[in-house]
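The values are calculated or read from the model by the stated rules, or taken from the named source; none is laboratory data. Note that the structure is predicted; figures quoted are calculated from it, not measured. Ideal geometry is used to build each Cβ from the backbone, glycine not excepted, and the neighbour counts take in all protein chains shown. Keep in mind that these areas ignore ligands, DNA and RNA; they rest on the heavy atoms of the full protein, side chains included. Shrake-Rupley method; radii C 1.70, N 1.55, O 1.52, S 1.80 Å.
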Protein chains: 2
Amino acid sequence: MLKQVPHKIYLTEEQMPKQWYNLRADMKEKPEPMLNPATGKPAVKEDLYPVFCEKLAAQELDDTTRYFDIPEPVLDFYKIYRPSPLMRAYNLEKALDTPAKIYFKFEGNNTSGSHKLNSAVAQAYYAKEQGLTKVTTETGAGQWGTALSEACAYFGLDLTVFMVKCSYQQKPYRKNVMQTFGASVVPSPSNTTKAGRAILAENPETGGSLGCAISEAVETALHTENCRYVLGSVLNQVLLHQSIIGLESKQAMEMIDEYPDVIIGCAGGGSNLGGLIAPFMQDKLLGRANPRIVAVEPASCPSLTRGRYAYDFCDVGKVTPLAKMYTLGSGFMPSPDHAGGLRYHGMSPILSKLYHDGYMEAVSVRQTDVFDAAVQFAKLESILPAPESSHAIRTAIDEALKCKESGEAKTILFGLTGTGYFDMTAYDSYLKGTMKNVIPTDEQLEENFRKLPKVNG
Amino acid sequence: MLKQVPHKIYLTEEQMPKQWYNLRADMKEKPEPMLNPATGKPAVKEDLYPVFCEKLAAQELDDTTRYFDIPEPVLDFYKIYRPSPLMRAYNLEKALDTPAKIYFKFEGNNTSGSHKLNSAVAQAYYAKEQGLTKVTTETGAGQWGTALSEACAYFGLDLTVFMVKCSYQQKPYRKNVMQTFGASVVPSPSNTTKAGRAILAENPETGGSLGCAISEAVETALHTENCRYVLGSVLNQVLLHQSIIGLESKQAMEMIDEYPDVIIGCAGGGSNLGGLIAPFMQDKLLGRANPRIVAVEPASCPSLTRGRYAYDFCDVGKVTPLAKMYTLGSGFMPSPDHAGGLRYHGMSPILSKLYHDGYMEAVSVRQTDVFDAAVQFAKLESILPAPESSHAIRTAIDEALKCKESGEAKTILFGLTGTGYFDMTAYDSYLKGTMKNVIPTDEQLEENFRKLPKVNG
């Protein structure tokens, strides 16, 4: 009986979704609009054109079109590494002695090592289609930069990646992978931009931050011909592209007559979580089902659980439009002891709105507890998870253990966003017992909140 | 028409082979037997029992049983990461403008990053089944050590890995992965064994070699209770387990009405090549088909193309049985400029015999040509290949280019054994233009040949 569901469910290439799903179309209350920081007024497509290519700007602002066709060349690329498997964690279930059924959607079986490729391919394609020759971006842990390098190599676009300096130094191999795919990788803050120079002038020894790298990438795009900026998370367009994760998951679960009671995803900027939950949240919004949806974030970067729901800049240099989101303040930086990604100061405006309106829950987990879960999972399921993904594993295990107590045979679905091959320094410190849990104090957070833009009143 | 074959063909878990295929059963002339070095006589099962667990010793010596059932627990583990996809390199074909159809069997989508897991799971299972509590092994590039760490964590066995010292130092992350799965990793040569101490006494600064690490692992197994030694390549048992690669490939090709004209695999000890070609070689041996079979080895470690077909030790310390194989001499070490694996001095006795008898071809390729192919492939197919696998890519590209000249629409199948995430130092030196091609001179080889065991007469 136990073994009647296979370990992995793959859709065929024909069964793969041909459209992305735009969650906003089904939200009765829409996320608050982006604001043009110069005027304080809602941004229109034309405000975004200098930064984003046109089709992406349109996707960014469109909160009524329910489905977008996935362009044929994007589908062709997807077929190199998709559909990704929906897997059943039989060994974990057994080890936990839980009546819960634990499924996970595994997005790590591609060279970028994560789900990030889903949006990178789309964004590179639209840039190419518009006749651009170059794009810029930033990367922290390096998964997004790798994904975009792959996509740009495939579509023949030049790419400059501003890589957060501490990550650039700690993860030379990540840099090498991007270079192998032909990208230029610049440690951020750098002397190549005004934003970078300003930050360096203030703090020459800084290890950089995502917010700062974003400023540099946007500035470079604005000053380079035939060039635009692309971003791997937070944005509505990214959640749209990532909806393929959830669409495939739901379809695969239907094939085995399952529907999740709880859906769990790690949340940094929200790209994975937003994609994973999309069709399930649709069911919830339309009253067709009522699964619990749980965002898991690091205790060291707790935007949903301890942030403010307010308008904020998406970057440190304050060159981007203002977005209403849960934020720790655009100047917030997690402790250097924080490993891996999930270090962005804000959260996807879509997810922020849904959370604010009570459609989902959020928990924060401590780093060492996350790595406890990661190592347990690795040994049982023979997949070395990324630190980011392991936040979801932690909470999935916790939920399964609750089921053990209550005797409920719940169906749990979590997102295993990627693999941890480039995060061995963090694993090493965990194994050696030197890993720390550094959690921001209320005072630190308050100080950042005081710097939130005036537009919040 | 072009797009009628999907990019990837996955068998279902039900379609997965339930038996391994033992190529020796169909060889009219069998590989020469292993010799007990003490007596000079063919080794019998009992000679191997101190080193290998009993079922594996039986598999090692069995050249008549055609199929072995894959034990249920091994199948269960396989289902975590298998079946692996058979993929069509559409973009590579297009870029080469070749009429050839290029397929590859991709074994890299698992945490070990290579096909090595296929035999690791089997060997760990049989050790556990026999009531052993511990195994030892060696690892060079680290793929085998990682694979075995995963398998031992899964089956609950202790593991000590002797890791070639230069690799231990150059690839700390590989070590960390093994440790994450609970393995003890010892740089080799070490002071923990007689063999290691002897080598260190002679050359304290040595970076180690696979042959030396094998000696240490075997010695440790012999002197530890409830412990045996396991090896990731060369052995007949390993080729047996790896036959799943070829069996799946053949089955997937049948599903799309294809049969390869040329089958190409990289060859170090022969585990991947032997597995990939198994059922196709069967066709050849039984006169059912006549595909070309091409072994690709590094010019810096050219056992088939420049070695002697002779009895030799499998290790430097000369503690193992003698095997008749193509060998560069057990003291041979490739130049430190040689990156990645494929650095073993010998070659699987089965493959050696088949090559000797004219059933397959062999070519050697230069390192920089291999990386040319690796980077071209990465950009087109969005998979970062291992240096080892890239040897096969090189030759597949060369064959496809020949097809372009001749206008023949041949069907090419090559083995993409793994991913290169832990090999970025080598990619970096390639990208920087500092990678060298160091090829042994005839004199160097002759010097090693003179030291071949006396039993060769």
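Could you please give the count of residues in region A:21-30 that are in a loop (DSSP other than H, G, I, E, B) and either among the aromatic types (Phe, Trp, Tyr) or open to solvent by 20 Å² or more (accessible area, probe 1.4 Å) (or both)?
Residues in region A:21-30 being in a loop (DSSP other than H, G, I, E, B) and either among the aromatic types (Phe, Trp, Tyr) or open to solvent by 20 Å² or more (accessible area, probe 1.4 Å) (or both): 3 in total.
Which residue, of A:101, A:79, is charged (D, E, K, R), over 30 Å from residue B:153 (Cβ atoms) and open to solvent by 10 Å² or more (accessible area, probe 1.4 Å)?
Exactly one residue qualifies, and that residue is A:79.
Any residue that is surrounded by fewer than 24 Cβ atoms within 10 Å (Cβ to Cβ), touching a residue at least 24 places away in the same chain (Cβ under 8 Å) and touching a Pro at 6+ places or on another chain (Cβ under 9 Å) - is there at least one of those in region A:223-232?
no
Read through the list (1) under 30 Å from residue B:312 (Cα atoms); (2) outside the structural domain of residue B:126 (by TED's automatic domain parsing), then give the number of the only condition that residue B:57 fails.
With respect to (1) under 30 Å from residue B:312 (Cα atoms); (2) outside the structural domain of residue B:126 (by TED's automatic domain parsing), residue B:57 is out only on (2).
Just for helices (runs of 4 or more DSSP H) wholly inside region B:376-453: which have at least 3 residues that are within 14 Å of another protein chain (Cβ to nearest Cβ) and open to solvent by 20 Å² or more (accessible area, probe 1.4 Å)?
Fully inside region B:376-453 and qualifying: B:424-432.
Tell me which residues, restricted to region B:285-335, are within 30 Å of residue B:48 (Cα to Cα) and free of Cβ contacts under 8 Å to residues at least 12 places away in the same chain.
Scanning region B:285-335 gives no hits.
Hey, among the residues in region B:121-150 that are within 14 Å of chain A (Cβ to nearest Cβ) and in contact with a Phe, Trp or Tyr (Cβ under 7 Å, 6 or more places away or on another chain), which one's surrounded by the fewest Cβ atoms within 10 Å (Cβ to Cβ)?
B:125
Which of the residues belonging to region A:200-210 are in a helix (DSSP H, G or I) and touching a strand residue (DSSP E or B) at 6+ places or on another chain (Cβ under 8 Å)?
Once the filter is applied, which keeps residues that are in a helix (DSSP H, G or I) and touching a strand residue (DSSP E or B) at 6+ places or on another chain (Cβ under 8 Å), region A:200-210 yields only A:210.
(1) more than 17 Å from residue B:121 (Cβ to Cβ); (2) polar (S, T, N, Q); (3) open to solvent by less than 70 Å² (accessible area, probe 1.4 Å): which one isn't true of residue B:59, the others all being true?
That leaves (1) as the condition not met.
Every residue in region B:159-191 that is in a loop (DSSP other than H, G, I, E, B), more than 14 Å from chain A (Cβ to nearest Cβ) and out of contact with any Ser or Thr (no Cβ under 7 Å at 6 or more places or on another chain), please.
Once the filter is applied, which keeps residues that are in a loop (DSSP other than H, G, I, E, B), more than 14 Å from chain A (Cβ to nearest Cβ) and out of contact with any Ser or Thr (no Cβ under 7 Å at 6 or more places or on another chain), region B:159-191 yields B:190, B:191.
Just to be sure, is residue B:310 small (Gly, Ala, Ser), modelled with pLDDT of 95 or more and under 16 Å from residue B:395 (Cβ atoms)?
no
Evaluate the following for residue A:156: is it at positive phi, free of Cβ contacts under 8 Å to residues at least 40 places away in the same chain and outside the structural domain of residue A:338 (by TED's automatic domain parsing)?
yes
So is residue B:348 open to solvent by less than 10 Å² (accessible area, probe 1.4 Å) and in contact with a Leu (Cβ under 7 Å, 6 or more places away or on another chain) or not?
For residue B:348, the condition - open to solvent by less than 10 Å² (accessible area, probe 1.4 Å) and in contact with a Leu (Cβ under 7 Å, 6 or more places away or on another chain) - is met.
Test of understanding: among A:153, A:147, which residue is under 18 Å from the mean Cα position of the chain (by Cα) and modelled with pLDDT of 95 or more?
None of the other options fit; the residue is A:147.
If residue B:82 satisfies every condition in (1) farther than 24 Å from residue B:234 by Cα; (2) within 14 Å of another protein chain (Cβ to nearest Cβ) but one, which is the exception?
Among (1) farther than 24 Å from residue B:234 by Cα; (2) within 14 Å of another protein chain (Cβ to nearest Cβ), residue B:82 violates only (1).
Listed here are the residues, each with its yes/no results for (1) in contact (Cβ under 8 Å) with a residue 12 or more places away in the chain; (2) basic (Lys, Arg); (3) open to solvent by less than 20 Å² (accessible area, probe 1.4 Å).
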position: B:6; (1), (2), (3): yes, no, no
position: B:19; (1), (2), (3): yes, no, no
position: B:32; (1), (2), (3): yes, no, no
position: B:43; (1), (2), (3): yes, no, yes
position: B:49; (1), (2), (3): no, no, no
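Hey, among A:242, A:251, which residue is in a helix (DSSP H, G or I), within 26 Å of residue A:61 (Cβ to Cβ) and either open to solvent by 10 Å² or more (accessible area, probe 1.4 Å) or not aliphatic (A, V, I, L, M) (or both)?
None of the other options fit; the residue is A:242.
Of these, B:94, B:194, which one is away from every other protein chain (no Cβ under 14 Å), surrounded by fewer than 24 Cβ atoms within 10 Å (Cβ to Cβ) and over 17 Å from the mean Cα position of the chain (by Cα)?
The unique qualifying residue is B:194.
With the checklist (1) within 14 Å of chain A (Cβ to nearest Cβ); (2) open to solvent by less than 10 Å² (accessible area, probe 1.4 Å); (3) under 17 Å from residue B:15 (Cα atoms) in hand, flag the one item residue B:111 doesn't pass.
(3)
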